[in-house]
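The structure appears below as structure tokens.
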Amino acid sequence: MDRLLNNGNFEEPPKPTNLKKTVLVGKYALPKWEINGFVEYISGGPQPGGMYFSVAHGVHAVRLGNEASISQTIKVKPGSLYALTFGASRTCAQEEVLRVSVPPQAGDLPLQTLYSSNGGDTYAWGFRATSNVVKVTFHNPGVQEDPACGPLLDAIAIKELFPALPTRDNLVRNPGFEEAPIDVTSPLPGWIIESLKAVKFIDSQHFNVPFGKGAVELVAGRESAIAQVLRTVPNKIYNLAFVVGDARNGCHGSMMVEAFAGKDTLKVPFTSQGKGGFKAASLKFKAASPRTRITFYSSFYHTRADDYGALCGLS
């Protein structure tokens, strides 16, 4: 399964009788979706009041007002892992949060940080199916001064993922990020997104990736970290090998990745020209227990040379 949800890009419009200006009227006013509360059907571009909404995926999106939500029931495989991907951004200056839920699992995504300047941030959230039919809900839990303020939502898709397992030669699960946007913590199989800020999944089709098809870009300094807990043998020596570089996306400057394995640390400096360079590094460590936590984060914040509003980092 790797597809948009039914009318997941909102390009199938509501009937004119179900619209009052931009506000959807009726529980089933939005085709293929169930709505609750103040939900608007938005077209990208200039808006009344001088605002501008950038819809990166297609033409239309929905905006969730205070305590508003949209839901859809979908068929899945019990016990399987899935990632929901979707475009989301805030529409007002105040802090906004988007709550994603597939009962009994739920998560809150803060939208205050903009990772790109065009409003095209895409997020991934993972869940494990507990039955063959689940209800996916996107909810704005905030109570803002302006009831019309709320997150903009677009291009909702789902992908089935497969469990990441260690191999005889490599204890790190999903080491090359080939299986991408689930364990119960993260939509990146095998890995924990440790921080409040996001990390960015990149693929070789659109970015420079040293090996394989995928990598992650640490886009928010020390607030953007990935981690994994390995099964280790106490007192045995291990070698944690990895590659750092830039994604050939204009991210430039003096950069540094910090790697941790238990109590051991390594700082890897890298000077980026934004043209796709990379370097290999390794950290030898002695396991102190049957479980060893490895962590990676970027030491500094960076922006692209051609767009100072777009956060970027080492991959």
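Every number in this text was worked out from the coordinates using simple rules, so none of it is lab data. Just so we're clear, the structure is a prediction, and the values are computed from it rather than from any experiment. Neighbour counts are summed over all protein chains in view; Cβ atoms, including those assigned to glycine, are modelled from backbone coordinates with ideal geometry.
If a spin label sat at a point 7 angstrom from the Cα of T265 along the line to its beta carbon, the backbone N atoms of region 280-296 nearer than 19 Å would be those of 281-288, 292-296. The fraction of all Cα pairs in region 192-312 landing in successive 5 Å bins from 0 to the largest distance is 2, 11, 20, 23, 20, 12, 7, 3, 1, 0, given as whole percents. Step through the table entries K75/K200; K27/K159; K27/K135; K197/K279, compare each Cα-Cα distance with 19 Å, and write down the pairs that go over it. Cα-Cα > 19 Å for K75/K200; K27/K159; K197/K279; rest within. Amide H contacts for L98 (H built 1.01 Å from N in the peptide plane; partners 5 or more residues away or on another chain; cut-off under 5 Å): L109, L111.
Taking neighbour counts of Cβ atoms within 10 Å as a proxy for exposure, in what order, fewest first, do V133, V76 appear? Don't skip to the end; give the middle numbers.
On the way: V133 10, V76 21.
Least to most surrounded, the residues fall as V133, V76.
Tally Lys and Arg at +1 and Asp and Glu at -1 over the other residues with C-beta under 13 Å from the C-beta of H57: what net charge comes out? That works out to -3.
By count of other Cβ within 10 Å, fewest leading, how are T130, T292, T137 ordered?
Details: T130 13, T292 25, T137 18.
The fewest-first ordering by Cβ neighbours comes to T130, T137, T292.
Give me E40, E12 ranked fewest to most by other Cβ atoms within 10 Å of their Cβ, as a rough exposure proxy.
Going from sparsest to densest Cβ surroundings: E12, E40.
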